[in-house]
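Contents: one structure, followed by commentary.
The values are calculated or read from the model by the stated rules, or taken from the named source; none is laboratory data. Please read these numbers as outputs of a predicted model, since none were measured by experiment. As a convention, Cβ positions derive from the backbone with ideal geometry for all residues, glycine included, and neighbour counts pool all protein chains shown. In case anyone asks, the SASA skips ligands and DNA or RNA and just uses the protein heavy atoms, side chains included. Shrake-Rupley method; radii C 1.70, N 1.55, O 1.52, S 1.80 Å.
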Amino acid sequence: MQPKIVKLDEYLVVDEPFYQAGGDEVEIFESSYRNGLPVLLKGPTGCGKTRFMEYMAWRLQRPLITVSCHDDLTASDLVGRYLIKGGETTWVDGPLTQAVRSGGICYLDEIVEARKDTMVVIHPLADDRRVLPMEKLGMLIEAPPEFCLAISYNPGYQSVLKDLKQSTRQRFVALEFDYPKPDLEAAIVARESGLDRERAELLVRFAAMTRNLKGSGLEEGASTRLLVHAAKLIAAGVAPVSACRSAIAQALTDDHEMLAAVNELSSAIF
Amino acid sequence: MPDVSALEACLDEILEVEFTFRNTAQPAREIACLSEIERNYVINWVRRVASTNVELGYQYACHVVRARAGMEREQVEAWALHAMDTYDREGLRPALQVILQLDDFVRISREKATGCQLQENERVLRVFLHGLSGRKLKIEAAEQAYTDTETLFLPPLLAHLSTPEQNFLLYKVMIAGLWAQTRFGTFRVGLSETLAAQNDPERTLQLFHCLETLRLEAVIARELPGLHRQLGVIRRAIGEAALPSAWERLKAKVSAADCTASDVLAIVCRMPRDVAPFAPFAYQGILLPATADACIAARLEREKILFKVKLKMLEDELGGPSGERQEDTGRSGRFGKREKRVGEMSELMQVELLLDDKPMPLPDDVSQLMSSIILDLGEIPDEYLEPAGPGDYDPAILQQKNAPDDDVWSGSYHEEGALLYQEWDFRRQHYRKSWCAVREKRIEPIYDDFAGQTLEKYSGLVKHLRKTFEAMRDENRMLKRQTQGDDVDLDALVEALADAKDGREMSDRLFSRQHRAERNIAVVFMVDMSGSTKGWINLAEKESLVLLCEALETLGDRYAIYGFSSISRKRCELYHVKHFDEPYDSEARARISGILPQDYTRMGFAIRHLSALLQEVDARTRVLITLSDGKPDDYDGYRGEYGIEDTRRALLEARRRGIHPYCITIDEEARDYLPHLYGPAAYTLIDEVWALPLKVSDIYRRLTS
Ligand SMILES: Nc1ncnc2c1ncn2[C@@H]1O[C@H](COP(=O)(O)OP(=O)(O)O)[C@@H](O)[C@H]1O
Ligand SMILES: [Mg+2]
């Protein structure tokens, strides 16, 4: 049987995504790419990792295949599996295989969420062998130079269960992401939501307050993503304190007292 | 009208009149006039109060009818509970005051209804405070509002305004005002020295406090515009007088963005004699420069050392063994700093720490420490960048904060450094608040290869257990005939093709899939270390723990082990054997061997504490397994029904928190109260060591299937 080759044009990023660089991450990614090195993006959720990948894919003009990992994701989900149609079995490539065959960029988001056996598949791709073992087909595919593997990982939720193993992390060039500096973040929020600069700045100030609470009641502070959400609501006419409550506070916690306290913070700002 | 003398007899019995010669005739006559329902209600409460203390019960009986005339049931109950809580906390005399001063209680509860209590809102206010930037400040109750730069002291109750919401806002504004003092340099201007040089230090201090409050209001207006608006609302509601015109002019001056606390102090020192301080705002509290100075001085010394020690640790971690630095090129000069002022809250320096000229990421505790230092000094002085190793400082300075943990009887209420848990009093039908003082203690490890010997002694059983637990680990089943899956189910496919040939519909269930029951369990073992386990029960506990750990290690699940014992509610102790994140290594084995019978068996606190611990763990299934001889017992009344009811209650609480409690009792005979005691939990009785790990494997299996 002949493996089906998937057209990848649809995964090309055509328009330049807006990405505000915070440091030298663009250069480092580019040189890693040119040297065939896999990349690990570290950082809290909603701080621009996905957007960065979109931007890099556009810059490098390679298709971008993103997989959000979850605790049911198996190696077969990445590599591929047989389907049966009209009594015939057909092999269908998984997203990782598609990316390898087409020389695209495969981005595995929140890699630690995936089942442990998926790591076994990515290891040979992430060292200088650069091959993908396809157990079911009994073959190995060699990744072309254009192929690139990137994974992301949030060191914030470290727990024994969800930590990235040394054997994995030591294969990757690591880029550290964090929430952007206040003025950059305000610019991002304003641009993404259409909100005026002044109120975007107030939102960023509010975000800083919630980030101060990390570890004293909140697992994480407000991410840039949540700020963009709140900003969109405010731009659409929702009162700022309500917008912060719905788009930010409720997303951060279910604890009534924490919600009350976070609301007191937003009402101290707006 | 019921028989007064019968009532009297009933009161006599409840109030132990036989021994005390209390005169119950008067209360009996009063109570007799009530309706039957009301009478029973009142008697029931007299009984509950008397269970705490008979004198308290007697006074309650004497006043309850009058109280009931003026208050709703709810309030009368609150009054009784308040009296009992006061008794628990402060003893008989203050508790009697609560009963006797009924009118005060009525007034205060009215105030509480419209006012706002610090205690009830403490967490929200504290989180609010921590959200504002800067040092992590604490909140404590005191008569007047002020700060020593580490703690904000606030009145326990605010009732200036007419609703709880408004009074809450007043707290919020007070907090922001005091926070602003610590955050925007009020105490960084050498206040005490300047004041000492003045003719009238007291007046100068008042003037400074007034003008500084105005400056900080302007800062708050810039930083926290919403809060500044709320301040206006409060001010109008209180009806605060307008500023005298001279102060209005000064206010404009100190409201400039670049005005600092030193500018304010300079203005104040030059103020003409005829300027009088204005009446303080309701939110502004008092300023105590000497208290703040003492606190700052101690902190400066402590934090300087701490910072240097942390740098040393960072240096060892980052540039340590793998770095190419030679030992004796020395430690100096590797750290540097880059200072910049950014953003709006910018009269504060932002400092980036450099290691070998490269910016370095800082752990949270170090960056917090750094901002605390910057708050005091305005910068990180160069001499702070010199790392310090052991021997470079007096370790006592760093320890000052952690009181020695064995010295439990120090402190005003013997509770410093302890966690407080409530306890259920079945006679009162209510909790005793903050009743048990709980501390974690260490076990003296014994390195005697107890574990090795146990494994040898039970080698047959060990093999069996390994198999049992391994079987659980591999509970991956191959699911056949699935609509989706990783592999083709050949049997199904052959059948389906045959069906298709025969013209029948072809099934779409043609795949097989690995089903992995990925267990996500956290288990705590709570082991009875009371004196009553002395002998074979203690040995049985230790041996079964060894066998269990051996078995659990094959599963790879998370588990923790704690021992518990007590001597009265003030010394409730949990002994650490193994935390969740600790490996089961030779140290842990030596601690198991070190599990020795201690004192009494208070069970409630241990269940409550370990439940709280379990809740912090990220797991789908949380299990609490108690190992005990099933005899709750402590010498301060924690025995019989009291101990049983509290233990039962604690198990119920655990249940409600989503924890699965299992109680394993090691004893030779079943006691008839066990079903009641363990009602809310699953329980089992064992009388031999080998049975225990098997019971645990049953529990596991039940949980995962
Ligand atoms: N540096 C940035 N440039 C542009 N937009 C950003 C940036 N950082 C965050 N964002 C905004 O935040 C949102 C969430 O970011 P995303 O990349 O999805 O986060 P992550 O992948 O880290 O969870 C984006 O959709 C975008 O609106
Ligand atoms: Mg006992």
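What number, in percent, do you get for the relative contact order of chain A if the mean sequence gap of Cα pairs under 8 Å and at least 6 apart is divided by its residue count?
Here the relative contact order equals 20 percent.
Got the relative contact order for chain B handy, in percent, Cα pairs under 8 Å and 6 or more residues apart?
Here the relative contact order equals 8 percent.
Compute accessible area for the range B:144-193 by itself and then with all protein chains, 1.4 Å probe, and report residues whose area falls by 30 Å² or more.
Checking the loss per residue gives B:LYS172.
Using amide H atoms built in the peptide plane, which far-off residues or other-chain residues are under 5 Å from B:LEU479 H to H?
Here the answer is B:ARG513, B:GLN514, B:HIS515, since their amide H atoms fall under 5 Å of that of B:LEU479.
Over the whole of B:484-490, what's the average partner chain Cβ count within 10 Å per residue? Rounded to a whole number, please.
So the per-residue partner count for this stretch is 4.
Could you name every residue in the range B:123-137 that has 10 Å² or more less accessible surface in the full protein assembly than in its own chain alone (probe 1.4 Å, ligands and nucleic acids excluded)?
B:ARG123, B:VAL124, B:VAL127, B:PHE128, B:HIS130, B:GLY131, B:LEU132, B:SER133, B:LYS136
Near B:LYS467, which aspartates and glutamates are there with a Cα under 18 Å away, not counting those fewer than 8 places off in the same chain?
B:GLU456, B:GLU475, B:GLU550, B:GLU553, B:ASP557, B:ASP698
Could you please report the charge total around B:THR601, scoring K, R as +1 and D, E as -1 over all other residues with beta-carbon less than 10 angstrom from its beta-carbon?
-2
Among A:ALA260, B:HIS579, B:LEU7, pick out the residue whose Cα is farthest towards the positive end of the charge dipole of the protein assembly as shown, where Lys and Arg carry +1 and Asp and Glu carry -1 on C-beta, about the Cα centre.
A:ALA260
From the backbone phi of the range B:492-498, what are the Karplus-calculated ³J(HN,Hα) couplings (6.51 cos²θ - 1.76 cosθ + 1.60, θ = phi - 60°) in whole Hz, Gly and Pro given as x?
5, 5, 4, 4, 5, 5, 4
Whole angstrom only: what separates the Cα centroid of the range B:48-77 from the Cα centroid of the range B:226-275?
For the range B:48-77 versus the range B:226-275, the Cα centre distance is 51 Å.
Quote the FRET efficiency, to the nearest 0.05, computed for B:LEU354 versus B:ALA290 with a Förster distance R0 of 35 Å and r equal to the Cβ-Cβ distance.
0.40
To the nearest 0.05, how large is the calculated FRET efficiency for B:ARG229 and B:SER162 if R₀ is 30 Å and r is the Cβ-Cβ distance?
Calculated value: 0.95.
Residue farthest toward the positive end of the dipole of the range B:174-327, with Cβ of Lys/Arg at +1 and Asp/Glu at -1: which of B:LEU300, B:ALA282, B:ALA180?
Projecting each Cα onto the dipole axis, the largest value belongs to B:ALA282.
So for the protein assembly as shown, taking the charge dipole from beta-carbon charges (+1 Lys/Arg, -1 Asp/Glu), which of A:ILE84, B:ILE267, B:PHE426 sits furthest toward the positive end?
Positive-end residue among those listed: A:ILE84.
Can you list the equivalent-ellipsoid semi-axes of the range A:191-230, largest first and in whole Å, using the square root of 5 times each Cα gyration tensor eigenvalue?
21, 10, 5
Ballpark to the nearest 100 Å², how much total accessible area do B and A bury together, probe 1.4 Å?
Interface area, both chains combined: 3000 Å², rounded to the nearest 100.
Can you tell me the accessible area per residue over chain A, all protein chains present, probe 1.4 angstrom, in square angstrom?
45
Work out the length of the dipole vector of the range B:116-287 about its Cα centre, built from +1 on the beta-carbon of each Lys and Arg and -1 on the beta-carbon of each Asp and Glu, and round it to the nearest 20 debye.
Once rounded to the nearest 20, the dipole reads 460 debye.
Before anything else, pin down the relative contact order of the range A:183-270: Cα pairs under 8 Å, at least 6 apart, normalised by residue count, whole percent.
Relative contact order of the range A:183-270: 28 percent.
First compute the accessible area of the protein assembly as shown with a 1.4 Å probe, then give the percent of it belonging to carbon and sulfur atoms.
50
Name the residues of the range A:213-237 whose accessible area, probed at 1.4 Å, falls by at least 20 Å² once all protein chains are in place instead of their chain on its own?
Buried-area filter returns A:LEU213, A:SER216.
Given a Förster distance of 45 Å, report the FRET efficiency between B:ARG302 and B:ASP491 from their Cβ-Cβ distance, rounded to the nearest 0.05.
Efficiency at R0 = 45 Å is approximately 0.05.
For the range A:171-270, would you read off the P(r) tail past 19 Å as a percentage of all alpha carbon pairs?
Counting every Cα pair in the range A:171-270, those more than 19 Å apart make up 37 percent.
Can you pull the Kirkwood radius for the range B:116-287, inverse mean 1/r over Cα pairs, to one decimal in Å?
Result for the range B:116-287, one decimal place: 16.6 Å.
Mind jotting down the three principal axis lengths of the range A:9-176 based on Cα atoms? Whole angstrom, largest first.
Computed over the range A:9-176, the largest-to-smallest principal extents equal 54, 40, 28 Å.
Mind ordering A:36-42, A:141-147, B:527-533 by average Cβ neighbours within 10 Å, highest first?
So the peptides A:36-42, A:141-147, B:527-533, ranked by packing, come out B:527-533, A:36-42, A:141-147.
Restricting to bridges with both residues inside chain B, how much of the DSSP beta-bridge set is antiparallel, in percent to the nearest 5?
Percent antiparallel among DSSP bridges in chain B is about 50.
Give me the dipole magnitude in Debye, nearest 20, for the protein assembly as shown about the Cα centre, with unit charges on the beta carbon: positive for Lys and Arg, negative for Asp and Glu.
In debye, rounded to 20, the protein assembly as shown gives about 1720.
Could you pull out every residue, at least 5 positions away or on a different chain, whose amide H is within less than 5 Å of the one on B:TRP435? Hs are placed 1.01 Å off N in the peptide plane, and Pro or chain starts have none.
B:TYR421, B:GLN422, B:GLU423
For B:ASP687 paired with B:SER245, estimate the spin-label separation in nm (one decimal), with each label point 7 Å from Cα along the Cα-to-Cβ line.
Taking the simple label geometry, B:ASP687 and B:SER245 are separated by 9.8 nm.
Once the principal axes of the Cα atoms of the range B:548-692 are found, what is the range along each, listed largest first in whole angstroms?
The Cα atoms of the range B:548-692 stretch 40, 32, 32 Å along the principal axes, largest first.
Please give every one of the lysines within straight-line cross-link reach of B:LYS253, meaning a C-alpha to C-alpha distance under 29 Å, and leave out same-chain neighbours fewer than 8 residues apart.
B:LYS172, B:LYS340
Mind counting lysine pairs for me in the range B:521-704? Cα separation below 18 Å, and the two need to be 8 or more apart along the chain or on different chains.
Going through the range B:521-704 pair by pair, I get 4.
Just to confirm a number: summing +1 for Lys and Arg and -1 for Asp and Glu over residues other than B:GLY115 whose beta-carbon lies under 12 angstrom from that of B:GLY115, what do you get?
0
Multiply the residue gap between B:ASN40 and B:ASP585 by 0.36 nm, knock off their C-alpha separation, and tell me the result in nm, one decimal place.
Full extension of this stretch gives 190.1 nm more.
Which value, in Å², gives the accessible area per residue of chain B when a 1.4 Å probe is used on the protein heavy atoms?
So chain B comes to 47 Å² accessible per residue, rounded to a whole number.
Of all beta bridges DSSP finds with both residues in the protein assembly as shown, what is the antiparallel percent, to the nearest 5?
Percentage antiparallel, nearest 5: 45.
Write down, largest first, the equivalent ellipsoid semi-axes of the protein assembly as shown in whole Å, where each equals the square root of 5 times an eigenvalue of the alpha-carbon gyration tensor.
Working from the Cα gyration tensor, I get semi-axes of 53, 46, 29 Å.
Mind jotting down the three principal axis lengths of chain B based on Cα atoms? Whole angstrom, largest first.
That works out to 102, 94, 71 Å along the principal axes.
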